[in-house]
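Novice: Got a structure for you, written out below as structure tokens; questions coming shortly.
We did not get these values from a lab; they are worked out from the coordinates using the rules stated. These numbers were taken from a predicted model, which means no experiment stands behind them. Here the Cβ is made from the backbone with ideal geometry for all residues, glycine too, and neighbour counts use every protein chain on show.
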Amino acid sequence: MKWLSHLKTIHHHRRLVLRYCFRLGLYRQGLTHDLSKYSPTEFRVGARYFQGDQSPNNVERKVRGYSSAWLHHKGRNKHHFEYWIDYSLNESSPLAGMEMPVRYVAEMFCDRVAASRTYRREAYRDRDPYDYYMRSRSHYVMHPHTRELLERMLISLKDNGEDATFRMIRKDILGR
């Protein structure tokens, strides 16, 4: 029955992202967010490694040394900064993060908030997405403008709460 719990988790997460994207006027992105999670490549792995309190991709990574589901997922979903990593023309760093379109950075923010709410449940606090991001920030390969924009959103959420942050993103960042 782990597959059913995994399916419910995907649905819960997608409903939250849908709601957040709609608040920002990102209707198409809200409707199409993470559809690849229903593909056999991602769903079977998710069901097999489902724990309920963390991403099955992390569990698969611990067991196998990599996550086949994550490799599939990040290559198909533009709201992940890893989608935007490419070879660099700078000889000092072979890989670089390309600047993400603002609408995908906003969706990435929605995704991070929804993931924190999904896994933290009742223990969720508005600082959780920021704290999670900061634990891994040092090894992210991300374009400086993308990093600055995402951090601005996460800090606003932590300091000002959800309503103020969504108003700020919609008005100041997306210009809607």
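Novice: Pick from 154, 18, 89: which residue has the top mean-square fluctuation in a GNM of the chain where Cα pairs under 10 Å get a spring?
Specialist: Most flexible of the set in this elastic network: 89.
Novice: Could you check the simple spin-label distance between residue 31 and residue 148, using points 7 Å along Cα→Cβ, in nm with one decimal?
Specialist: For the pair residue 31/residue 148, the computed spacing is 3.4 nm.
Novice: Still on this model: Provide the FRET efficiency to the nearest 0.05 for the residue 125-residue 38 pair, computing r from the beta carbons and using R0 = 30 Å. It would help to have the intermediate numbers written out before the result.
Specialist: Values: r = 30 Å, r/R0 = 1.00.
Efficiency at R0 = 30 Å is approximately 0.50.
Novice: GNM, the chain, Cα, under 10 Å: largest mean-square fluctuation among 19, 127, 135?
Specialist: Of the options given, 135 has the highest mean-square fluctuation.
Novice: List 36, 93 from most exposed to least, where exposure is judged by having the fewest other Cβ atoms within 10 Å.
Specialist: Values: 36 17, 93 10.
Listed from fewest to most nearby Cβ atoms, that is 93, 36.
Novice: What residue among 82, 122, 107 shows peak mean-square fluctuation when the chain is described by a Gaussian network model with Cα springs under 10 Å?
Specialist: 122
Novice: Let me ask something additional. For the chain, what does -39500 (n - 2.57) per DSSP helix run (n ≥ 4), summed and divided by total residues, give at 222 nm, in deg cm²/dmol to the nearest 500?
Specialist: For the chain, the value works out to -18500 deg cm²/dmol.
Novice: Still on this model: Rank the residues 14, 170 as a footprinting-exposure proxy: fewest other Cβ atoms within 10 Å of their Cβ go first. Intermediate results must be reported in sequence, preceding the final value.
Specialist: On the way: 14 21, 170 16.
Placing the least packed residue first, the sequence is 170, 14.
Novice: Rounded to the nearest 0.05, what FRET efficiency is calculated for residue 48 and residue 12 with R0 set to 25 Å and r the Cβ-Cβ distance? Numbers along the way, then the final one.
Specialist: Values: r = 19 Å, r/R0 = 0.77.
Taking R0 as 25 Å, the efficiency between residue 48 and residue 12 is 0.85.
Novice: Take the alpha carbon gyration tensor of region 2-173, find the square roots of its eigenvalues, order them as a ≥ b ≥ c, and report rounded if a/c is under 1.5; if not, report prolate when a/b exceeds b/c, else oblate.
Specialist: Values: a/c = 1.56, a/b = 1.09, b/c = 1.43.
Oblate shape, in that a/c is at least 1.5 and b/c is the bigger or equal ratio.
Novice: Only Cα pairs under 8 Å and at least 6 apart count here; give the relative contact order of the chain as a rounded whole percent.
Specialist: Answer for the chain is 21 percent.
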